[in-house]
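Peer 1: First the structure, which I've put down as structure tokens, then a few questions once you've had a look.
The values are calculated or read from the model by the stated rules, or taken from the named source; none is laboratory data. The model shown is predicted, which means the values in this text are computed figures rather than measured ones. Neighbour counts are summed over all protein chains in view; Cβ atoms, including those assigned to glycine, are modelled from backbone coordinates with ideal geometry. Remember, those area values only see protein heavy atoms, side chains included, never the ligands or the DNA or RNA. Shrake-Rupley method; radii C 1.70, N 1.55, O 1.52, S 1.80 Å.
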Amino acid sequence: MINHDFFNALQELCEERGLEKDLILEAVEKGIVNAYKKEYGIPNAKVKFNEEKGEIYICQYYTVVTPEEKAEDTEEDPSRVTPIEAKAIRRTAKLGDYFEVKINVNPKDFGRIAINSTKQILNQEIRRLEREKSYEYFSQHEDEMITGTVTSVTDSQVILDLGYDVSSSIARIEVPREECRIGGRIKVYLSRVEMTPKGPKVYISRSDKNLIKRLFEEYIPEVKDGTVEILGIARDSGDRTKVCVKSTIEDVDALGSCLGPKGKRIKDIIDILNGEKIDIYEWSNDPKELVTNALKPAEVIGVQFNEAEKQALAVVPEDQFSLAIGKKGQNVRLAVQSSGWKIDIKSVPQALEENIDF
């Protein structure tokens, strides 16, 4: 069958859906062979494609075996023929040969049921290929930040279109301050992907602390190229985050790099997080300095520490005690999580009363 239109349509389909042509041809072949079996009851069929000539044709294939070998077959296989049977099909056939015979059957002449079967298999294969391609794409973006488009908003969740015919949701509570309008775009963290019978299931989050890391990498070149390292992140999503950073090059200011000119870099990140406060402090090998930095914006006037246990006692002025602790213990908790040190806090009067040398 000569059909240049088929190959033109195939090219358009592959370009439109980003699929490989060879894989689509495999699906077409599977559909036509299945239809051929249903219509003519002959299972040993193959479909051949010649894109250059625009030709599609069906052939039957045979392997010539000894009568004894054929007798040993547990199931009847019409593709295995004896030399006598083979010569009835092709006079030159001999033992051990594999050959194909072109069949003068036009797929257009197949019955309605067979044609519908071909279409069904082709559609199933295309959907399978698209699911696999989608899964491959999202698997490659695990542990990264992606952008989704808002398609639906309810009281409990926000539905995002992530592309590749995949949607996912985040809890509405994860974006309490955002005005999630239909068509709006939201940056999310992709934690993992699972393949299901219906396609890839993509798990995304706005509250994961790794979203902060990916935002820093996107907006702060020194973090992306490794000049500035993030050594710790602690987050109360939607409220406050602490980030511990360190410069790997002596002449580079880690804090200045993260803040950017006139604080623009960190402001851009805060805007994306809709006003979530971000405290950035510098790592130090000196536990006293590290704990002091971690508890900012509170003022620390003395630190006792046990390096083996990674425990520290910070002493602060009495008027700084509430600030050091933070609302519901938030400041010290985030300092502990981001620094990796257990931190206890005493005010100066408490330290003096307990005879703590600071």
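Peer 1: Looking only at residues in segment 230-245 that are open to solvent by 40 Å² or more (accessible area, probe 1.4 Å) and in contact with a strand residue (DSSP E or B) (Cβ under 6 Å, 6 or more places away or on another chain), which one is nearest to residue 208 (Cα to Cα)?
Peer 2: 240
Peer 1: Can you tell me how many residues within segment 195-250 are closer than 20 Å to residue 268 by Cβ, of a type in the set (Val, Ile, Thr) and assigned to a strand (DSSP E or B)? Talk me through it step by step, then tell me what you get.
Peer 2: If we filter segment 195-250 for residues that are closer than 20 Å to residue 268 by Cβ, which is where we start, we get 206-225, 227-228, 230, 233, 235, 237-243, 245.
If we keep only those that are of a type in the set (Val, Ile, Thr) too, we end up with 212, 220, 223, 227-228, 230, 233, 241, 243, 245.
This time we only want the ones that are assigned to a strand (DSSP E or B), so: 228, 230, 233, 241, 243, 245.
Residues meeting the conditions: 6.
Peer 1: Just checking, does segment 187-205 include any residue being modelled with pLDDT of 95 or more, open to solvent by 40 Å² or more (accessible area, probe 1.4 Å) and touching a Pro at 6+ places or on another chain (Cβ under 9 Å)?
Peer 2: yes
Peer 1: Sticking with this one: Hey, can you tell me all the residues within segment 269-292 that are more than 28 Å from residue 352 (Cα to Cα), at pLDDT 95 or above and either open to solvent by less than 20 Å² (accessible area, probe 1.4 Å) or assigned to a strand (DSSP E or B) (or both)?
Peer 2: 269, 277, 278, 279, 280, 281, 282
Peer 1: Just for segment 1-23: of the residues that are free of Cβ contacts under 8 Å to residues at least 24 places away in the same chain and more than 15 Å from residue 126 (Cα to Cα), which one is most open to solvent (accessible area, probe 1.4 Å)?
Peer 2: Selected residue: 5.
Peer 1: Being modelled with pLDDT of 80 or more and open to solvent by 60 Å² or more (accessible area, probe 1.4 Å) is the filter; apply it to segment 24-42 and report the residue that is farthest from residue 119 (Cα to Cα).
Peer 2: Here the answer is 26.
Peer 1: Among the residues of segment 220-229 satisfying the criterion of being crowded, with 18+ Cβ neighbours inside 10 Å and out of contact with any Gly (no Cβ under 8 Å at 6 or more places or on another chain), which is farthest from residue 338 (Cα to Cα)?
Peer 2: Residue satisfying both the conditions and the ranking: 222.
Peer 1: Please state which one of 259, 295 is open to solvent by less than 60 Å² (accessible area, probe 1.4 Å), under 30 Å from residue 238 (Cβ atoms), touching a residue at least 12 places away in the same chain (Cβ under 8 Å) and within 41 Å of the chain's Cα centre (by Cα).
Peer 2: Details: 259 fails: open to solvent by less than 60 Å² (accessible area, probe 1.4 Å).
Of the residues listed, the single one that is open to solvent by less than 60 Å² (accessible area, probe 1.4 Å), under 30 Å from residue 238 (Cβ atoms), touching a residue at least 12 places away in the same chain (Cβ under 8 Å) and within 41 Å of the chain's Cα centre (by Cα) is 295.
Peer 1: How many of the residues in segment 298-344 are surrounded by fewer than 19 Cβ atoms within 10 Å (Cβ to Cβ), more than 40 Å from the chain's Cα centre (by Cα) and among the polar types (S, T, N, Q)?
Peer 2: Total satisfying the criteria: 3.
Peer 1: Pairs under 8 Å by beta carbon, first residue outside any helix (DSSP H, G or I) in segment 318-335, partner open to solvent by less than 90 Å² (accessible area, probe 1.4 Å), six or more apart or different chains?
Peer 2: 326/332; 326/333; 326/334
Peer 1: For segment 139-165, which residues satisfy the criterion of being in contact (Cβ under 8 Å) with a residue 40 or more places away in the chain and farther than 23 Å from residue 273 by Cβ?
Peer 2: As a first pass, look at segment 139-165 and keep what is in contact (Cβ under 8 Å) with a residue 40 or more places away in the chain: 139, 141-148, 160, 162.
Scanning segment 139-165 gives a single hit, 139.
Peer 1: Next question, about the same structure. Pairs needed: first member in segment 74-86, part of a helix (DSSP H, G or I); second member anywhere, among the aromatic types (Phe, Trp, Tyr); C-beta distance under 9 Å; at least 6 residues apart or different chains.
Peer 2: 85/62; 86/62; 86/99
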